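The values are calculated or read from the model by the stated rules, or taken from the named source; none is laboratory data. These figures come from a predicted structure and were not determined experimentally. Here Cβ is always computed from backbone atoms with ideal geometry, including for glycine, and neighbour counts include all displayed protein chains.
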């Protein structure tokens with residue numbers, strides 16, 4: 001996997017997939033104390049989950065890390081989007097949308113047959129990127145491409 005670092009075209013933010021850039025103290029604070037889906041997660045569990053995923057860090061040029069997300073993936077057929085979090089004082093700038101654009105354009109996530117995520121409140125954001133409710137679920141959303149292999153051979 002090649003690491004990426006992308007600068008936002010108009011705002012003082014950049015994104016990195018280099019796990020060494022991450023401020024895991026901040027990420028742990030967000031995900032163990034603020035995120036509804038992972039309250040109380042042990043730090044060692046959190047770190048192991050990021051070390052074994054394709055992780056995306058969102059950074060302000062002078063204030064450090066302001067967001068995070070990760071894809072659990074085999075980089076061939078499946079990916080699960082998890083732990084998408086933007087710090088409260090950085091919401092409303094379109095950073096969640098930019099984060100999703102970068103994630104879905106990452107070279108290791110191309111040609112996947114299925115992408116899955118769970119959300120209780122951000123359906124509108126994910127629908128913009130092609131996710132839909134998974135078989136009537138109000139929590140799970142997915143992108144399914146059952147014919148992806150036939151298209152890639154053409």
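Could you give every pair whose Cβ atoms fall below 9 Å, whose first residue belongs to region 123-139 and is in a helix (DSSP H, G or I), and whose second residue is exposed (fewer than 12 other Cβ atoms within 10 Å of the Cβ) and modelled with pLDDT under 75, counting only separations of at least 6 or pairs across chains? That search, which allows pairs on different chains as well, returns 123/138.
Here residue 57 fulfils each of the conditions (1) in a strand (DSSP E or B); (2) within 16 Å of residue 105 (Cα to Cα); (3) without any contact (Cβ under 8 Å) to a residue 40 or more places away in the chain apart from (3).
In summary, residue 52 fulfils each of the numbered conditions (1) at pLDDT 95 or above; (2) more than 13 Å from residue 24 (Cα to Cα); (3) touching a helix residue (DSSP H, G or I) at 6+ places or on another chain (Cβ under 9 Å) with the single exception of condition (3). From the list 37, 98, the one residue that fits, being within 25 Å of residue 124 (Cβ to Cβ), in a helix (DSSP H, G or I) and either at pLDDT below 95 or under 15 Å from the mean Cα position of the chain (by Cα) (or both), is 98. Tell me yes or no: at least one residue of region 128-137 is at pLDDT 90 or above and at negative phi. Scanning region 128-137 turns up at least one residue that is at pLDDT 90 or above and at negative phi. Quick check, is residue 39 without any contact (Cβ under 8 Å) to a residue 12 or more places away in the chain, surrounded by fewer than 19 Cβ atoms within 10 Å (Cβ to Cβ) and in contact with a helix residue (DSSP H, G or I) (Cβ under 8 Å, 6 or more places away or on another chain)? Taking the combined requirement at face value, the residue satisfies it.
Looking at region 8-34 only, could you name the residues that are outside any helix (DSSP H, G or I) and either within 17 Å of the chain's Cα centre (by Cα) or modelled with pLDDT of 95 or more (or both)? I'd like the intermediate steps shown before the answer.
Within region 8-34, the subset outside any helix (DSSP H, G or I) is 8-18, 22-23.
Across region 8-34, the qualifying residues are 8, 13, 14, 15, 16, 17, 18, 22, 23.
Here residue 61 meets the list (1) modelled with pLDDT of 95 or more; (2) closer than 18 Å to residue 18 by Cα almost entirely, failing just condition (1).
Tally the residues that are in contact with a strand residue (DSSP E or B) (Cβ under 6 Å, 6 or more places away or on another chain) and outside any strand (DSSP E or B), restricting the search to region 68-91. Give the steps one after another, and end with the answer.
Of the residues in region 68-91, the ones in contact with a strand residue (DSSP E or B) (Cβ under 6 Å, 6 or more places away or on another chain) are 68-73, 78-87, 90.
Filter again for outside any strand (DSSP E or B), leaving 87, 90.
Of the residues in that region, 2 qualify.
Checked against (1) surrounded by 14 or more Cβ atoms within 10 Å (Cβ to Cβ); (2) within 22 Å of residue 15 (Cβ to Cβ), residue 123 passes all but condition (2). Of 112, 99, 95, all but one fail to be buried (at least 19 other Cβ atoms within 10 Å of the Cβ) and touching a helix residue (DSSP H, G or I) at 6+ places or on another chain (Cβ under 9 Å); the exception is 112.
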